[in-house]
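Trainee: Got a structure here, written out as structure tokens. Questions coming.
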Amino acid sequence: MPKLVISSLEAAPAACEDCDPGFVVSILDSGDAAPDRFQKLSEERHLRLDPATSETDMAPAIIAFLKSWAATEENLLIHCHRGVARSTAIAYIAMCVREPEMCEEKIAARLRAAAPHADPNVLLVSEADRLLGREDRMIGAILDLCPCCSTVCAPIVTLPVAP
């Protein structure tokens, strides 16, 4: 069963060693170097996003990339600076893409159970909701979550996903 792994930039090399991802989403400032291990991945398998890019501009590329991943049985690693907001939003979107018939509230609950610190970026989730035609169910499920646990830098989180 493929795994979806969420981490901070600091923990990304260790997360990569643990899960051997076939696909990676990196949210890095233009001056930040991606961990060495990611250099061997082709552009089709490593989506690099600049956090200065708006969520509206970022979402179409994220969804296209996640649809490519969802057609495989490979692990996906998603990381941002802290592993709390943007990476957890992309993880939630990934689960919604991979399991289109699954209730958004159940997906959000699975994310929160695995990552109590998850505070998905609502602008990114809202734009993905619109693009995926989920009729505000994705954003509604995220907004209905109980408040997250606060953290400065999140631990590595691994979620099994449907094959």
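Trainee: Going through 130, 134 one at a time, which residue ends up being in a loop (DSSP other than H, G, I, E, B) and farther than 29 Å from residue 20 by Cβ?
Mentor: Values: 130 fails: in a loop (DSSP other than H, G, I, E, B).
So the residue among 130, 134 that is in a loop (DSSP other than H, G, I, E, B) and farther than 29 Å from residue 20 by Cβ is 134.
For every residue, the table says whether it meets (1) under 16 Å from the mean Cα position of the chain (by Cα); (2) at pLDDT 95 or above; (3) more than 20 Å from residue 53 (Cβ to Cβ); (4) β-branched (Val, Ile, Thr).
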{"position": "123", "(1), (2), (3), (4)": "yes, yes, no, no"}
{"position": "127", "(1), (2), (3), (4)": "yes, yes, no, no"}
{"position": "134", "(1), (2), (3), (4)": "no, yes, yes, no"}
{"position": "149", "(1), (2), (3), (4)": "no, no, yes, no"}
{"position": "154", "(1), (2), (3), (4)": "yes, no, yes, no"}
{"position": "161", "(1), (2), (3), (4)": "yes, no, yes, yes"}
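Trainee: I need the full set of residues from region 72-101 which are of a type in the set (A, V, I, L, M, F, W, C), part of a loop (DSSP other than H, G, I, E, B) and either touching a strand residue (DSSP E or B) at 6+ places or on another chain (Cβ under 9 Å) or at pLDDT 95 or above (or both), in order please. Walk me through it before giving the result.
Mentor: If we filter region 72-101 for residues that are of a type in the set (A, V, I, L, M, F, W, C), which is where we start, we get 76-78, 80, 84-85, 89-91, 93-97.
Add one more test, that the residue is part of a loop (DSSP other than H, G, I, E, B), and what stays is 84-85.
84, the sole residue that qualifies.
Trainee: If we scan region 112-120, do we find a residue that is in a helix (DSSP H, G or I), at pLDDT 95 or above, of a type outside the set (A, V, I, L, M, F, W, C) and surrounded by fewer than 22 Cβ atoms within 10 Å (Cβ to Cβ)?
Mentor: no
Trainee: Something else now. Report whether or not residue 33 is farther than 23 Å from residue 13 by Cα, without any contact (Cβ under 8 Å) to a residue 40 or more places away in the chain and out of contact with any Asp or Glu (no Cβ under 6 Å at 6 or more places or on another chain). Can you show your working first?
Mentor: Numbers: farther than 23 Å from residue 13 by Cα: no; without any contact (Cβ under 8 Å) to a residue 40 or more places away in the chain: yes; out of contact with any Asp or Glu (no Cβ under 6 Å at 6 or more places or on another chain): yes.
No.
The values are calculated or read from the model by the stated rules, or taken from the named source; none is laboratory data. The structure displayed is predicted, hence computed values, not measured ones. Positions of Cβ are backbone-derived with ideal geometry, glycine not excepted, and every protein chain shown enters the neighbour counts.
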